[in-house]
Amino acid sequence: MSGVSVQTSAQETVERALELSRNDGCVVLVNEGSTANLRFAGNTLTTNGVSRSSRLTVISIAGQGVGVVSRAAVRPDQLADVVAAADAAARAAQPSEDARPLVEAGPASPHWDDEVRPTDIGVFEAFAPALGDAFAAAEAGDRKLYGYAEHSLTSTFLGTSTGVRLRHDQPTGRLELNAKSGDLKRSAWTGVSTENFADVDVAALDASLAQRLEWAKTRIDLPAGRYETLLPPSAVADLMIYLYWSSGARDALDGRSVFAKPGGGTRVGEQLASLPLTLSSDPGVDGIACAPFVTAHASSRDGSVFDNGLPLAPTDWIKDGRLEALLQTRYSAELSGLPVTPGVDNLILRGPGDGPSLEQMISSTRRGLLVTCLWYIREVDPQTLLLTGLTRDGVYLVEDGEVVGEVNNFRFNESPVDLLGRASEAGASERTLPREWNEYFQRTVMPALRVPDFNMSTVSQAS
């Protein structure tokens, strides 16, 4: 097997690349990744496997010009060519508007020199037997389980010509579980996010899916319209992630987003939600911890290679319903006059105090819809952040505190910003897995939300 991790260590690659660069400054990122997975269908394990990967990114700086070269599985004898290509690209580049002095070195990560230890199939040691028991229970209950479990471990090494030496080891796990009735006409989905699969209760997940398949035995057709709707944490996560991705300060300053202030500037300081909801990120939160420093492989409107190594702190994006901060680089912060608040790789939404469980919210509903999850979410209008998408794998009618049956799917049209302003109740926040965006963003803690007039714009034929 070839790659940086086999013939030379990631740490040695960082040091050697920095030595080889002949320009004014250099940033080197090495990502060493490993993944283990199980896939299953029809109550049977179908495949399992383990893979390894490595990627080198060299960011060379000549004056205010930047050259970026990123390659997978770089051999030691190829390293000089990669650095030379980045150096040449920087010398040929136009000045970068986000050019700033590279971050000065602080203390190196204490585990910088430790060996990279990949994940392996052993991460499923306790989970796999529990999954087998769930297969047996599903078979006895005339239902079929489909899905996959995946665990990855990525070690990121960041070194710069100013002496920065930082490392972060990121475990990431997800389980997606889909249950179908024996005749394959009814379907239900659930998913969880986990660091190591030790906390995954497969039996409880299967039991919840079995209950929803029972609900779906009664079919009720409803027209499009605005309905009181309970959105579970997974669906809320998908909507809040899109809001977060759309909260760049540059777009707001340029009048290109929902966070632009009419007449110029941003809406920071405005009240967005009637409930005291707080949307935040914190790299140190147990269970969803993430890199505590900026890692930017390329500059964008919301990120800057010059900010590599900046420390990340707990950040409130919305506090007690008020817009508190936007995604900021050092460059955009100078333009906006607001603090530097780079993006963090997790997202947390909390309501006031300890909210009710989703079951309690169902029991207090006179008449409304319970949505399982959302998918195929797309932006319609960036100025309002109007999104459209579909419901999937179970929309249920609640009457007098009880689920009375499954209804047809809908296409929805909603802005997550507007939705926050109309939400009338927030449940207890819990770690959840977004359905639509879980390949890109998995570390979320979200509540269920009650929306009194969620816009189910048309009936969908999706099933």
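The values are calculated or read from the model by the stated rules, or taken from the named source; none is laboratory data. Computed from a predicted model, the values in this text were never measured in an experiment. In this analysis, Cβ positions are derived from the backbone assuming ideal geometry, glycine residues included, and neighbour counts consider all displayed protein chains. Protein only, heavy atoms only, side chains kept; ligands, DNA and RNA dropped before computing areas. Shrake-Rupley method; radii C 1.70, N 1.55, O 1.52, S 1.80 Å.
Summary of values
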item	result
Which listed residue, of V403, V371, V407, is modelled with pLDDT of 95 or more, in contact with a helix residue (DSSP H, G or I) (Cβ under 7 Å, 6 or more places away or on another chain) and more than 17 Å from P233 (Cβ to Cβ)	V403
Count of the stretch 338-377 residues which are open to solvent by 70 Å² or more (accessible area, probe 1.4 Å) and either without any contact (Cβ under 8 Å) to a residue 40 or more places away in the chain or basic (K, R) (or both)	7
Candidates R256, R250, R226 - the one that is out of contact with any Gly (no Cβ under 8 Å at 6 or more places or on another chain), among the charged types (D, E, K, R), assigned to a loop (DSSP other than H, G, I, E, B) and at negative phi	R256
Given (1) buried (at least 16 other Cβ atoms within 10 Å of the Cβ); (2) in a helix (DSSP H, G or I), number of the condition P129 does not satisfy	(1)
Helices (runs of 4 or more DSSP H) completely within the stretch 1-102 that count 2 or more residues being among the charged types (D, E, K, R)	10-20, 79-92
Residue in the stretch 448-456 that is within 24 Å of S193 (Cα to Cα), open to solvent by 10 Å² or more (accessible area, probe 1.4 Å) and not small (G, A, S) present	yes
Residues satisfying the stated conditions in the stretch 274-290, i.e. touching a residue at least 40 places away in the same chain (Cβ under 8 Å) and assigned to a loop (DSSP other than H, G, I, E, B)	S274, L275, P276, L277, D282, P283, V285, G287, I288, A289, C290
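Residues are listed down the side, and each one gets a yes or a no for (1) buried (at least 19 other Cβ atoms within 10 Å of the Cβ); (2) closer than 30 Å to M361 by Cβ; (3) among the polar types (S, T, N, Q):
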| residue | (1), (2), (3) |
| --- | --- |
| T218 | no, yes, yes |
| E228 | no, yes, no |
| A235 | yes, yes, no |
| Y242 | yes, yes, no |
| A252 | yes, no, no |
| A260 | no, no, no |
| G263 | no, no, no |
| L272 | yes, yes, no |
